[in-house]
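Before any comments, here is the structure.
The values are calculated or read from the model by the stated rules, or taken from the named source; none is laboratory data. These numbers come from a predicted model, not from an experiment. As a convention, Cβ positions derive from the backbone with ideal geometry for all residues, glycine included, and neighbour counts pool all protein chains shown. What goes into the accessible areas is simple: the full protein's heavy atoms, side chains included, and nothing from ligands, DNA or RNA. Shrake-Rupley method; radii C 1.70, N 1.55, O 1.52, S 1.80 Å.
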Amino acid sequence: MGKRIGILTSGGDCPGLNAVIRGVAKAAYELMDDVEIVGISDGYRGLIQGEYHLMKRSDFSGILTLGGTILGTSRQPFKLMRVVGDDNVDKVKNMKANYKKMKLDCLLILGGNGTHKTAALLAEEGLNVIGLPKTIDNDLYGTDVTFGFHSALAIATDALDKLHTTAASHGRVMVVELMGNKSGWLTLYAGIAGGADVILLPEMPYDIDKVAKAVSNRANAGKAFSIIAVAEGAMDKEEAKMKRKERIAARTAAGYKTVSDKIADLVEQKTGCETRVVIPGHLQRGGNPTPYDRLLSTRFGAYAARLIKEKKYGVTVAMKNDVITENNLSEIAGKAKLVNPDSQMVQVAKDMGISFGL
């Protein structure tokens, strides 16, 4: 008996999404007979609105190295999934109805933390769901790594690499703001790989005086420049006592658009060193997946196809100790994997003389 498989990509895009879609499709065609794959447009929005199309085998050719997602994506906040808005749309009811309308045997959902919370919700509602862990933040609980992380890491590290020469030429402090609102994995790894002198993470609230001291110590030692890698969700010790909206409001009131603007201004005031802010932004989400992410995405996709063959649903694919496995959606949804300040990687950075502003 054949299988009809739905696929959607939700949340922020990243390199590797298409590689996973390809991995699922090619493995499914090999492992099972009479496979049909339904592409759902623009994430959960497409599932809510019933926007989908039957995909051909040729749709999966030539996309292994392609960044972004051929299905399109969107952000649909989990907290609003059960809320009926002004449009009078019952999102959960619509998703269940469209799942049946598409005649799906199962639904594959590629996304991060918020995406997986909705995936768990749909599983609780009786749909056959399998998640696949995507996020450049690498903060999905239960997996050692998510696809998209290594590609973003390569881009962020390259940005830091390039800034060394211009910072050295002008004797400047470069404050580089990298993605990561709640978790600092990308900034931590890129900061170490890119030779940053200071790394500031959401999980480790900093003291701006300690940051300034690290910069001054380098200047006094004859180092003409410094590189400060900052996660966009980093906060100082006082801001850590506030809610996120309060932190943003306080910064705006002080005339700062971003956390990096504030850090750069205060460091310049306290050290007298000329500072510049660089924000790579969505460059970190763009481009082709690295070879590592192509391999990881293919492994994840092939494993998901095998789960479908075995009719094992209500789970999300994961990597643990270099072995591809799965977690129950109910056990990982809503949990975040954050940087442990006592972790070996943080200690490595400290051993290299990197300051965390502590």
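Brief remarks on what is shown
- Unmet criterion (only one of (1) among the aliphatic types (A, V, I, L, M); (2) surrounded by fewer than 21 Cβ atoms within 10 Å (Cβ to Cβ); (3) under 15 Å from Ser10 (Cα atoms)) for Leu110: (2)
- Single residue of Met81, Met95 found to be touching a Ser or Thr at 6+ places or on another chain (Cβ under 6 Å) and surrounded by 15 or more Cβ atoms within 10 Å (Cβ to Cβ): Met81
- Residues in the stretch 110-148 that are assigned to a helix (DSSP H, G or I) and either out of contact with any Asp or Glu (no Cβ under 8 Å at 6 or more places or on another chain) or more than 14 Å from Ala336 (Cβ to Cβ) (or both): Gly114, Thr115, His116, Lys117, Thr118, Ala119, Ala120, Leu121, Leu122, Ala123, Glu124.
- Qualifying residues in the stretch 48-77 (those that are touching a residue at least 12 places away in the same chain (Cβ under 8 Å) and among the basic types (Lys, Arg)) - the one nearest to Lys103 (Cα to Cα): Arg57
- Close pairs (7 angstrom Cβ cut-off, 6 or more residues apart or separate chains): in contact (Cβ under 8 Å) with a residue 60 or more places away in the chain and in a loop (DSSP other than H, G, I, E, B) in the stretch 166-188, surrounded by 24 or more Cβ atoms within 10 Å (Cβ to Cβ) and of a type in the set (S, T, N, Q) anywhere: Met179/Gln284
- Just so you know, in the stretch 142-172 the residues that are among the β-branched types (Val, Ile, Thr) and within 28 Å of Ile332 (Cα to Cα) include one that is surrounded by the most Cβ atoms within 10 Å (Cβ to Cβ), and it is Thr146.
- Consider the stretch 304-358 and keep the residues that are open to solvent by 60 Å² or more (accessible area, probe 1.4 Å) and either part of a strand (DSSP E or B) or among the aromatic types (Phe, Trp, Tyr) (or both). The one that is farthest from Gly2 (Cα to Cα) is Lys320.
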